[in-house]
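What follows is a single structure, written as structure tokens, with notes after it.
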Amino acid sequence: QVQLEESGGGLVQSGGSLRLSCVASANIFSINTMDWYRQAPGKGREFVAGIRSVSNTNYAGSVQDRFIISRDDAKNTVSLQMNSLKPDDSAIYYCYAVLQDKATMRYWNVWGQGTQVTVSS
């Protein structure tokens, strides 16, 4: 079973930084896309950042120039460096990936369980 596990959330003051990480389970043959989404209380889930390759990244306008997404395919990991955090960035952050299972070679759309980020003013 392919899975994603996030880590790195927490409480930080406005203007501070956090780094989120997401690791895919070891039985992965390949990773297509790896994205971060977030959901604040009472709001829908929104796209934050995505990475297809080192040179193919995209960001939501609200986080452009503050957040940096990166991936390490050797470790099946995607990270999100979040700088200059604002209270509006407070949300549960979810990792999402399209993974190819090594055992069956099938592609799966997988979500992590989420990690809480809280930015105090």
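The values are calculated or read from the model by the stated rules, or taken from the named source; none is laboratory data. Because the structure is predicted, anything quoted here is derived from the model rather than measured. Cβ sites come from the backbone with ideal geometry, for glycine too, and all protein chains shown count toward neighbours. SASA here: full protein model, heavy atoms, side chains in, ligands and nucleic acids out. Shrake-Rupley method; radii C 1.70, N 1.55, O 1.52, S 1.80 Å.
Numbers at a glance
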{"item": "Among residues of the stretch 32-51, those that are open to solvent by 20 Å² or more (accessible area, probe 1.4 Å), in contact with a Lys or Arg (Cβ under 9 Å, 6 or more places away or on another chain) and touching a residue at least 24 places away in the same chain (Cβ under 8 Å), counted", "result": "4"}
{"item": "Pick from the stretch 73-109, criterion within 18 Å of G44 (Cα to Cα) and of a type in the set (A, V, I, L, M), ranking: least open to solvent (accessible area, probe 1.4 Å)", "result": "A91"}
{"item": "Pairs with Cβ under 7 Å, 6+ apart, first in the stretch 63-77 and part of a strand (DSSP E or B), second β-branched (V, I, T) and surrounded by fewer than 16 Cβ atoms within 10 Å (Cβ to Cβ)", "result": "I69/T57"}
{"item": "Any hit, the stretch 87-107, residues being in contact with a Phe, Trp or Tyr (Cβ under 7 Å, 6 or more places away or on another chain) and among the basic types (K, R)", "result": "yes"}
{"item": "Candidate set: the stretch 1-27, residues that are more than 15 Å from I51 (Cβ to Cβ) and among the aliphatic types (A, V, I, L, M); chosen: the one surrounded by the fewest Cβ atoms within 10 Å (Cβ to Cβ)", "result": "A26"}
